[in-house]
Each structure stands twice: as structure tokens, then as C-alpha cells.
Amino acid sequence: MRILSGVQPSGKLHLGNYFGAIRQFVELQHKGEALYFIANLHALNSVRDGRLAYELTLETAAAFLALGLDANKAILFRQSDILELGELYWILGTLVPMSHLERAHSYKDKKARGLSADLGLFAYPVLMAADILIYNSDWVPVGKDQIQHLEFCRDWATKFNVTYVPGYDAANPNGENGSPPGIFKLPEAFVREETSVLLGTDGQKMSKSYGNTLELFGEEKEIKKKMMSIKTDSSPIEAPKPTQNSALFELLKAMAPPSEWPEIEASWRAGGLGYGAYKKKLVDYFHLCFDEPRKRFGELMGDKAELERILVEGAQKARACAAPIIQKMRAAVGISRGG
Ligand code: ADP
Ligand code: TRP
């Protein structure tokens with residue numbers, strides 16, 4: 001099974017990114033051949049400062065490694081190092097109905113907010129489909145917000161196969177009934193239903209766009225300050241505390257060691273401990289979970305040449321995975337001579 005996913009290096013990584021995405025990626029590296037990339041081309045839609053874009057790309061790669069990704073097991077690479085991607089992006093684009101892109105959330109949401117969108121954002125799902133199809137990916141772990149993009153990807157792969165593979169039967173995409181298989185495999189979204197959305201310091205979804213994040217690799221003092229300022233209600237110390245929509249409760253649940261969680265949950269529901277005490281516990285748990293990764297992150301960021309080496313080596317492996325598919329695709333559309 002080939003597992004593929006990407007993360008945009010579009011800001012400082014926060015606890016929501018870890019518990020909602022990176023942690024699963026790290027776990028999945030043991031379940032198949034995993035390819036993970038830093039989606040730095042996608043991020044250019046929002047990061048328009050070259051230095052920062054480069055720095056965030058390396059930081060995101062360092063974060064993956066510091067948080068447990070083994071570069072000898074999974075393939076970690078930078079999207080822009082796969083030059084063939086541009087070719088596939090264009091070719092898919094020749095088959096993508098405009099009406100699909102007009103329906104895409106990424107574009108529609110921006111338009112709904114009255115902001116003008118660029119071609120890059122409009123065509124974002126096409127590049128994402130190219131990212132997936134170029135490696136014959138089987139499983140694509142994504143958050144729920146990305147499901148629509150996966151559906152488009154399957155549609156466009158089918159359209160390509162129907163157009164360019166004589167005898168291809170869309171009802172039997174893998175050629176089960178003697179019809180030829182497609183050039184592009186139809187990927188499946190691997191949706192992380194079980195992960196709850198982590199709330200930020202203000203009680204809304206933790207997101208860099210809301211300025212309410214707890215950064216994984218931020219300054220220690222700053223993190224502590226932010227944790228102590230997490231919004232809570234006015235329940236007195238002795239009262240049971242509400243669990244619904246409580247950022248603090250969810251964060252404790254995510255970070256407390258399993259052996260301590262039942263006791264915390266019981267005291268939360270019974271009352272007797274104030275929010276300040278829970279916040280202090282949260283700071284301790286953060287250290288417990290992330291002191292090691294934070295140290296490794298610092299070391300990795302201190303040796304950027306080594307990070308570059310890992311990414312370049314990863315790109316070589318990823319390009320080798322892509323090569324047979326690209327070759328077939330080029331021949332099928334007639335930009336190279338067929339077999
Ligand atoms: P942000 O909202 O900060 O811009 P991204 O959209 O770049 O974050 O998200 C990157 C990944 O992290 C996605 O897979 C997303 O599902 C996950 N993620 C982001 N915020 C949260 C959150 N608050 N809780 C759980 N998962 C999250
Ligand atoms: N669009 C994804 C996000 O914003 C990142 C991404 C780009 C991706 N290409 C991908 C994810 C391919 C999975 C597969 O989170």
C-alpha cells in the first residue's frame with residue numbers, strides 16, 4: 001500500500017497540526033510505503049516572502065523528523081523538487097472542467113469573503129491531484145476539509161483514463177474483468193474521523209489564521225503564557241467543570257499520560273480543582289510530550305545542510321516512484337513516443 005500526504009509550510013506548526021495530522025502520519029509510516037511531502041508550491045498562495053517560504057519549508061521538514069518520522073522508513077521530500085509535477089498538473093488541467101474548480105471550497109470560501117482569488121488558488125485542487133496521481137497513491141490521509149479535493153482527484157483520474165486508455169472501463173478501474181487498468185490509480189481518502197478538532201486559546205478552532213495557536217516549537221515562556229491565558233468560564237473551584245467546548249479539557253485529554261487521564265477527568269467532572277491548577281498541569285504535560293522533539297527540532301534546524309540532504313535524497317526516491325507513471329502518461333498523451 002502506498003500512503004501519501006502533504007502539509008503546507010504556511011506557518012508555525014501548532015498543537016492542532018500535531019494531534020490532527022502529523023501524529024497520524026508518523027504512525028502510518030509503519031503501515032505501508034509512506035511518502036510525505038512539504039507542499040511548498042501550494043504554500044506560495046499565501047506565503048509571499050521567499051526567505052520565509054524557505055525557512056518554513058525547512059521547519060516543517062524538521063518538525064516531521066523531530067516528531068518521529070523516520071527518513072529511512074518513509075520518504076520525506078519537498079513538493080517543488082519533483083519537476084515532473086508541473087507537466088502532470090498541466091495535462092490534468094486540460095481535462096478539468098471549470099465548473100469543478102468553481103465549486104472547490106478553497107476558491108469558493110475566499111470568493112465568499114469578498115477577496116479576489118488568483119489562478120494559483122483556483123487551480124490548487126489540480127496541483128493536489130497531480131501530487132497524488134503521480135505516485136499511484138492508494139491511501140491519502142487528510143482532514144475532512146480535503147475530502148472534496150480527493151473526490152475531484154478520482155474524477156479527473158477517471159476522465160484521463162477514459163480519454164487515453166483504449167478499452168478502459170470506468171466501472172472496473174483496476175481491470176478486474178479483462179479490461180485494461182487505468183494509467184492513474186484511483187486513490188482513497190483516509191479520513192481521520194476520530195481526531196477531534198483542538199480548540200485554541202480563545203475557544204475557537206486552533207488555527208494560525210485566528211492567532212490562537214499553541215506552537216509546538218515556539219519559545220517556552222511564550223507557550224506557558226499562552227497556556228495560562230486559555231479562555232475558561234467562571235466556574236468556581238469547587239464546582240464541576242463543563243467539558244463541552246472547553247479548550248483546556250480537550251488539550252489535557254490530548255496531552256495527559258494515559259495513566260493520569262482518568263484521575264484528571266474524574267476531578268474535572270467532580271470539581272475541587274481550579275482552572276489555574278489544570279493549566280499548570282497542561283504546561284507540565286506539554287513538556288513531557290514535547291521536550292524531546294523540541295530538542296531534536298533545535299538540533300535539526302541547526303544543521304540545514306543535513307536537512308537539505310534528507311529532502312534531496314527523499315526527492316530522488318519519490319521521483320523514482322513517479323517515473324513509470326510519468327512515462328506511461330507522456331506516451332499516452334503523445335508528448336513522447338509510446339512503447
Ligand atoms: P491552520 O488551520 O492552522 O491553517 P492547516 O489548515 O495548515 O492549519 O492544517 C494542516 C493540518 O492540520 C490539516 O490536516 C488539518 O486537518 C490539521 N489541523 C489544523 N488545525 C487543527 C485543529 N485545530 N485540530 C485538529 N487538526 C487540525
Ligand atoms: N491541500 C493540503 C492541505 O492544505 C495539502 C496537500 C497538497 C495535500 N497536496 C496534497 C494533501 C496531496 C494530501 C495529498 O492540507
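The apolar share of the surface of region 175-240, taken as the fraction of accessible area on carbon and sulfur atoms (1.4 Å probe, ligands and nucleic acids excluded), comes to 51 percent.
Each residue, Glu151 and Val191, gets one label point 7 Å from its Cα in the Cβ direction; the gap between the two is 0.9 nm.
With the other protein chains left in place, how much accessible area per residue, in square angstrom, belongs to the chain at a 1.4 angstrom probe?
49 Å²
Reducing region 240-268 and region 142-208 to their Cα centroids gives an inter-centroid distance of 35 Å. With each label modelled as a point 7 angstrom along the Cα→C-beta vector, the Gln244-Ala270 pair spans 2.5 nm. Close amide H contacts of Phe190 (hydrogens built in the peptide plane, cut-off under 5 Å, sequence separation of 5 or more or a different chain): Val140, Val142.
Compared with the dominant Cα axis of the chain, that is its longest principal axis, helix 147-164 is turned about 10°. In this calculation the C-beta distance from Arg23 to His287 is compared with R0 = 22 Å, giving a FRET efficiency of 0.80.
Determine the dipole magnitude for region 88-170: charges of +1 sit on the beta-carbon of Lys and Arg, -1 on that of Asp and Glu, nothing else is charged, the reference point is the Cα centre, and the result goes in debye to the nearest 20. Please report the intermediate quantities before stating the final value.
On the way: 8 positive and 9 negative charges, 63 e Å.
My answer is approximately 300 debye.
From helices alone, the chain scores -15500 deg cm²/dmol at 222 nm; the rule is -39500 (n - 2.57) for each run of n ≥ 4 DSSP H residues, then divide by the residue total. For region 80-183, trypsin sites (Lys or Arg not before Pro) meeting the loop criterion (DSSP other than H, G, I, E, B) and having at most 14 other Cβ atoms within 10 Å: Arg113.
In vacuum, with every alpha carbon of region 37-135 counted as one equal point scatterer, what does the Debye formula give for log10 I(q)/I(0) at q = 0.10, 0.20, 0.22 Å⁻¹? Two decimals, please. Calculated log10 I(q)/I(0) at the listed q: -0.33, -1.09, -1.19. Computed about its Cα centre, the charge dipole of region 219-339 is approximately 680 debye, with only Lys, Arg, Asp and Glu carrying charge at their Cβ. Computed extension length for Ala320-Glu308: 2.5 nm, one decimal, from 0.36 nm per residue of separation with the Cα-Cα distance subtracted. Which distance in nm do the two modelled labels at Glu222 and Asp70 give, with both placed 7 Å along the Cα-to-Cβ direction? So the two model labels end up 3.3 nm from each other.
Calculate, in nm to one decimal, what Met98 and Val162 gain on full extension: separation in residues at 0.36 nm each, minus their alpha carbon distance. Could you put the intermediate results ahead of the total?
Numbers: separation 64, 0.36 × 64 = 23.04 nm, distance 1.88 nm.
The Met98-Val162 span can extend by a further 21.2 nm.
Give, in nm to one decimal, the length gained when the segment between Asn177 and Ala112 is fully stretched (0.36 nm per residue of separation minus the Cα-Cα distance). Walk me through the numbers before you get to the answer.
On the way: separation 65, 0.36 × 65 = 23.40 nm, distance 4.54 nm.
Length gained, Asn177 through Ala112: 18.9 nm.
The values are calculated or read from the model by the stated rules, or taken from the named source; none is laboratory data. Keep in mind the model is a prediction, meaning the values are calculated, not measured. All Cβ positions, even for glycine, are placed from backbone atoms using ideal geometry, and neighbour counts span all protein chains on display. Calculation scope for accessible area: heavy atoms of the full protein, side chains included, ligands and nucleic acids excluded. Shrake-Rupley method; radii C 1.70, N 1.55, O 1.52, S 1.80 Å.
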